[in-house]
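The values are calculated or read from the model by the stated rules, or taken from the named source; none is laboratory data. Quick caveat: nothing in here was measured; it's all calculated off a predicted structure. Neighbour counts run over all protein chains shown; Cβ positions are idealised from the backbone, glycine included.
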Amino acid sequence: MDLLNTLVDKGLRRELPTREEALAVLATSDDELLDVVAAAGKVRRQWFGRRVKLNYLVNLKSGLCPEDCSYCSQRLGSKAEILKYTWLKPDDASKAAAAGVAGGAKRVCLVASGRGPTDKDVDRVSETISTIKEQNEGVEVCACLGLLSDGQAERLRTAGADAYNHNLNTSEATYGDICTTHDFSDRVSTVQQAQAAGMSACSGLIAGMGESDADLVDVVFALRDLDPDSVPVNFLIPFEGTPLAEEWNLTPQRALRILAMVRFVCPDVEVRLAGGREVHLRSLQPLALHLVNSIFLGDYLTSEGQAGKDDLAMIADAGFEVEGTDTTTLPEHRTGSEAATPAEEAPAAAVPAPPSDDTRRDLVSVRRRGAGTDLPPNA
């Protein structure tokens with residue numbers, strides 16, 4: 001297939017595909033799916049071998065968010081029956097992080113609901129970062145606290161934060177359809193502030209919100225322009241009680257094509273398989289390891305994930321290995337933060353087909369264990 005040969009060649013050279021090529025990946029048929037996975041897998045192995053980086057989420061503050069992001073179970077007005085609690089104490093957060101580290105996690109992601117942190121919140125998170133690093137040697141810490149104000153990124157970096165996560169989520173053109181309390185440029189600005197402060201930028205997307213192929217390509221090209229070190233790919237978890245509860249637009253095959261497209265556009269970046277993989281990839285999760293080089297271990301912020309022991313078994317059974325703390329995730333050349341090639345324009349693609357009748361709503365389970373509860377985590 002000429003398209004895939006071209007994309008592999010470009011990926012091995014870190015050359016940006018055209019928009020037409022990225023759209024063509026999303027338009028491939030199910031009959032071509034294994035060829036697409038194999039091609040993207042060559043690019044993945046070129047830059048990351050067969051290593052899989054494990055990440056572990058700690059939800060520092062759950063629910064009660066004033067923002068109206070339609071996809072989020074913690075949003076303003078959400079009726080999702082999730083856990084709600086205020087800030088975890090540093091020692092409690094460190095204990096939660098330790099569970100993930102014991103399971104093999106190399107990075108701990110500290111997340112707090114809300115528009116963005118106050119200066120007092122930054123002080124609180126800074127203490128938590130210090131506690132986690134003192135008690136878990138070699139662990140990376142990524143903060144995800146929302147929109148940052150002037151000087152906050154520098155303070156988090158000084159406190160020991162290695163990375164900052166703030167996702168773009170969807171294309172700029174459709175961002176107003178999923179959120180009205182902040183805009184796309186606010187998110188871009190926060191990622192840039194994290195980079196300017198010397199933190200590794202982590203920014204990704206959510207697929208399955210009813211977006212078109214063109215929207216998916218737009219957001220991935222916008223991410224390539226920002227040049228984050230890691231790109232988490234989330235698949236919408238349609239929580240009951242949120243505006244997107246009926247958006248079941250994904251099949252396992254489409255999810256794999258989306259991951260392949262992201263790998264071709266961001267060949268040497270840590271592509272992370274994030275929320276919703278169990279719900280939408282289901283039994284095809286092992287195939288995704290040929291496309292991504294990073295996953296979350298165990299549970300997510302407000303939903304249950306696959307058991308950590310099953311994640312580790314899946315990685316081993318698929319012929320991959322967990323990346324150790326003595327290994328640098330990114331290829332050496334990325335430490336120079338080379339700029340991405342400008343994107344080329346292409347016609348818009350069609351909106352994806354509506355969900356089929358066999359959607360698995362029973363797979364969405366609210367998290368009732370781990371951080372903020374008296375039950376042990378699923379790491």
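Of all residues in the range 78-136 being touching a Ser or Thr at 6+ places or on another chain (Cβ under 8 Å) and closer than 17 Å to L54 by Cβ, which is modelled with the lowest pLDDT?
N136
Being assigned to a helix (DSSP H, G or I) and touching a strand residue (DSSP E or B) at 6+ places or on another chain (Cβ under 7 Å) is the requirement here; does I295 meet it?
Criteria not met by I295.
Taking K10, is it surrounded by fewer than 22 Cβ atoms within 10 Å (Cβ to Cβ), free of Cβ contacts under 8 Å to residues at least 60 places away in the same chain, part of a helix (DSSP H, G or I) and of a type in the set (K, R)?
no
Which residue out of G63, G49, G41 is touching a strand residue (DSSP E or B) at 6+ places or on another chain (Cβ under 9 Å), surrounded by fewer than 24 Cβ atoms within 10 Å (Cβ to Cβ) and more than 30 Å from D177 (Cα to Cα)?
G49
How about the range 65-101: which of its residues are in contact with a Pro (Cβ under 7 Å, 6 or more places away or on another chain) and either within 20 Å of N169 (Cα to Cα) or not in a helix (DSSP H, G or I) (or both)?
The answer is S70, L76.
Output the number of residues of the range 90-107 satisfying the condition of being touching a strand residue (DSSP E or B) at 6+ places or on another chain (Cβ under 6 Å) and surrounded by fewer than 21 Cβ atoms within 10 Å (Cβ to Cβ).
Residues meeting the conditions: 1.
What number of residues within the range 136-167 satisfy the criterion of being surrounded by fewer than 18 Cβ atoms within 10 Å (Cβ to Cβ), hydroxyl-bearing (S, T, Y) and closer than 23 Å to G63 by Cβ?
Summing the residues that are surrounded by fewer than 18 Cβ atoms within 10 Å (Cβ to Cβ), hydroxyl-bearing (S, T, Y) and closer than 23 Å to G63 by Cβ in the range 136-167 gives 1.
Considering only residues that are among the charged types (D, E, K, R) and touching a residue at least 12 places away in the same chain (Cβ under 8 Å), look in the range 108-122 and name the one that is surrounded by the fewest Cβ atoms within 10 Å (Cβ to Cβ).
D119
For the range 159-198, give me each residue that is among the polar types (S, T, N, Q), assigned to a helix (DSSP H, G or I) and more than 26 Å from K120 (Cα to Cα).
Answer for the range 159-198, where residues must be among the polar types (S, T, N, Q), assigned to a helix (DSSP H, G or I) and more than 26 Å from K120 (Cα to Cα): just T174.
Among the listed residues L236, L259, L226, identify the single one that is in contact (Cβ under 8 Å) with a residue 24 or more places away in the chain and closer than 12 Å to V37 by Cβ.
Of L236, L259, L226, the one residue that is in contact (Cβ under 8 Å) with a residue 24 or more places away in the chain and closer than 12 Å to V37 by Cβ is L259.
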